[in-house]
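The values are calculated or read from the model by the stated rules, or taken from the named source; none is laboratory data. Since this is a predicted model, take the numbers as computed values, not measurements. Here the Cβ is made from the backbone with ideal geometry for all residues, glycine too, and neighbour counts use every protein chain on show.
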Amino acid sequence: MLDLGTLERLVPDRVAGGEATGHETLQLHLERYRFAARHVRGGRLLDMACGVGFGTRLVADACPALDEAIGVDVDPEAVRYARDRYGRAGVGFVEADALRYDDAEGFDAVVSLETIEHVADPHALARRLVERVRPGGLLIASVPITPSVDWNPHHRTDFTERSFRGLFAGADLREVEALRQVQKVPVLALLRGRERRLADRRPQLVRWYLGHPGAVLRRIGATLRYGFTNRYLTVAWRTPTR
């Protein structure tokens, strides 16, 4: 059964309307997928780390010229749900690890939203994503660009706009468009801890900060600069034609 008490699982059919960390976060994800859909034209689409598949289906429905859309996720329960809820002719889902999944045909568009911050080697994943894009194709990826590692134990790397773009600096990509998003931090919800998706937030945060002083400085700096907000960056790049 899908675990809904986690920061890492969004299921549109089961998001509680009154939960700031559910409904508002879902709207941000939907906006990212709509951004991707505006750029995708046709051919084959890969949605890497697709979760339960709602975004894969959104892009596929918005882009009727697509021949095939494939969503890939490492969680077998999420993939089963995606197949049952969002699968249709031309839209399929595969259980696989992002760094191991391969497809000899390649893709005209590769989408990977809120994925790179989860892996131990973000540079390796960035390379793999680029490798899967056909010449002249699109790569669309997103990450948080304010600190998240401190309160979300599923995240491994904090990014800024500069460091995120730096992952792809040597790949000969042309940036097409960027989407910036701002989300107010639900401070009261965090303090009360009553929302389901906060059940797996990092425990004993003060103790964790004592062992990670750099994270404390990043958090203080981001709060002074941006206040109590989370910020996200989605970038669409085009690969060179060969």
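Miscellaneous remarks
- All positions within region 38-54 that are surrounded by fewer than 21 Cβ atoms within 10 Å (Cβ to Cβ) and over 21 Å from V182 (Cβ atoms): H39, R41, G42, G43, R44
- Residue within region 176-186 that is among the aliphatic types (A, V, I, L, M) and at pLDDT below 95 present: yes
- Pair list, Cβ < 7 Å and 6+ apart or interchain, from region 25-50 residues that are without any contact (Cβ under 8 Å) to a residue 24 or more places away in the chain and closer than 21 Å to R80 by Cα to residues that are among the hydrophobic types (A, V, I, L, M, F, W, C) and outside any helix (DSSP H, G or I): L26/L10; L26/V15
- Considering the conditions (1) more than 22 Å from P122 (Cβ to Cβ); (2) touching a Gly at 6+ places or on another chain (Cβ under 9 Å), D200 is excluded by exactly one of them, (1).
- Subset of region 94-116 [surrounded by 16 or more Cβ atoms within 10 Å (Cβ to Cβ) and within 19 Å of C63 (Cβ to Cβ)]: G106, F107, D108, A109, V110, V111, S112, L113
- For region 57-91, the set of residues classified as buried (at least 19 other Cβ atoms within 10 Å of the Cβ), touching a strand residue (DSSP E or B) at 6+ places or on another chain (Cβ under 6 Å) and under 17 Å from R132 (Cα atoms) consists of L66, A69, I70, G71, V72, listed by residue number.
- The listed residues are G166, G227, G211, and the only one of them that is over 30 Å from R41 (Cα atoms) and out of contact with any Lys or Arg (no Cβ under 9 Å at 6 or more places or on another chain) turns out to be G211.
- When residues of region 120-178 are limited to those that are farther than 18 Å from F107 by Cα and without any contact (Cβ under 8 Å) to a residue 24 or more places away in the chain, the one farthest from the chain's Cα centre (by Cα): G170
- Selection of region 133-177 for residues being touching a strand residue (DSSP E or B) at 6+ places or on another chain (Cβ under 6 Å) and surrounded by fewer than 19 Cβ atoms within 10 Å (Cβ to Cβ) yields R134, E161, R174, E175, V176, E177.
- Residue in region 1-37 that is surrounded by the fewest Cβ atoms within 10 Å (Cβ to Cβ), counting only those that are of a type in the set (K, R) and at pLDDT 95 or above: R34
- Within region 38-126, strands (runs of 3 or more DSSP E) holding 1 or more residues that are within 18 Å of L26 (Cα to Cα) and of a type in the set (S, T, Y): 107-113
- Hey, R201 part of a loop (DSSP other than H, G, I, E, B), under 30 Å from R14 (Cα atoms) and charged (D, E, K, R) or not: yes
- The listed residues are R231, R242, R218, and the only one of them that is surrounded by 13 or more Cβ atoms within 10 Å (Cβ to Cβ) and either closer than 25 Å to I140 by Cα or modelled with pLDDT under 95 (or both) turns out to be R231.
- Among the residues examined, T234 qualifies as touching a Leu at 6+ places or on another chain (Cβ under 6 Å) and either within 28 Å of R100 (Cβ to Cβ) or assigned to a loop (DSSP other than H, G, I, E, B) (or both).
- For first residues located in region 209-225 and touching a residue at least 24 places away in the same chain (Cβ under 8 Å) and under 17 Å from E161 (Cα atoms), partners that are surrounded by 11 or more Cβ atoms within 10 Å (Cβ to Cβ) and not charged (D, E, K, R) and lie 6+ apart or on another chain with Cβ distances below 6 Å form the pairs R218/P147; R219/P147; A222/T146; A222/P147.
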